[in-house]
Amino acid sequence: YRVFKVHSGSPAEEAGLEVFFDFVTEIGGKKMDSDQASFYHAIQEAVNQRTKMVVHNIRTQDVRDVLVTPRKWAGNGLLGALVRYDTLDNAESQGIRVLNVFENSPARQA
């Protein structure tokens, strides 16, 4: 499951999830599959419990354990992240959609 957005102040931000490059492959010892219900059930089962997620980062090619506590917070959802099923196959060759460009940045000047 690829992380597409992480909201400020959310459990996902606290856990250090990285937008676009992070893929959640396991939650609480359960390997994730294409059934989105399995992802949501794993998060529901972990509410208010510090839970280990295995995360693969395609930018660094590292696999790391991330501890997160899914819970109600000021925003939407239990993680505060937009996560969608995606595969690691050919992930490096996929494009990036630019959502924002900072003033006075090289990207703004381009």
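Annotation: amide H-H contacts under 5 Å for Val83 (H modelled 1.01 Å from N, sequence separation of 5 or more, or interchain): Phe4. Calculated on the alpha-carbon coordinates, the convex hull of the chain measures out at 113 cubic angstrom per residue. Placing Phe39, Phe4 in order of accessible area, with the largest value first and a 1.4 Å probe, yields Phe4, Phe39. When the charge dipole of the chain is built from unit charges on Cβ atoms (+1 for Lys and Arg, -1 for Asp and Glu) and taken about the Cα centre, the candidate among Pro11, Thr87, Phe39 whose Cα reaches farthest toward its positive end is Pro11. Packing-based ranking of 47-53, 32-38, 7-13 yields 7-13, 47-53, 32-38, ordered from highest to lowest mean Cβ neighbour count within 10 Å. Under a Gaussian network description of the chain, with springs only between Cα atoms under 10 Å, the residue in Leu79, Leu88, Leu17 that fluctuates furthest is Leu88. Relative to the first principal axis of the alpha-carbon coordinates of the chain, what is the inclination of helix 36-45, with its axis defined by its Cα atoms, in degrees from 0 to 90 and to the nearest 10? For 36-45 against the chain, the angle is about 60 degrees.
Looking at the chain, the accessible area is 64 square angstrom per residue; that uses a 1.4 Å probe and ignores ligands, DNA and RNA.
The values are calculated or read from the model by the stated rules, or taken from the named source; none is laboratory data. This is a predicted model, so every value here is computed, not measured. In this analysis, Cβ positions are derived from the backbone assuming ideal geometry, glycine residues included, and neighbour counts consider all displayed protein chains. Each accessible area value is taken on the protein alone, full model and side chains, heavy atoms only, with ligands, DNA and RNA left out. Shrake-Rupley method; radii C 1.70, N 1.55, O 1.52, S 1.80 Å.
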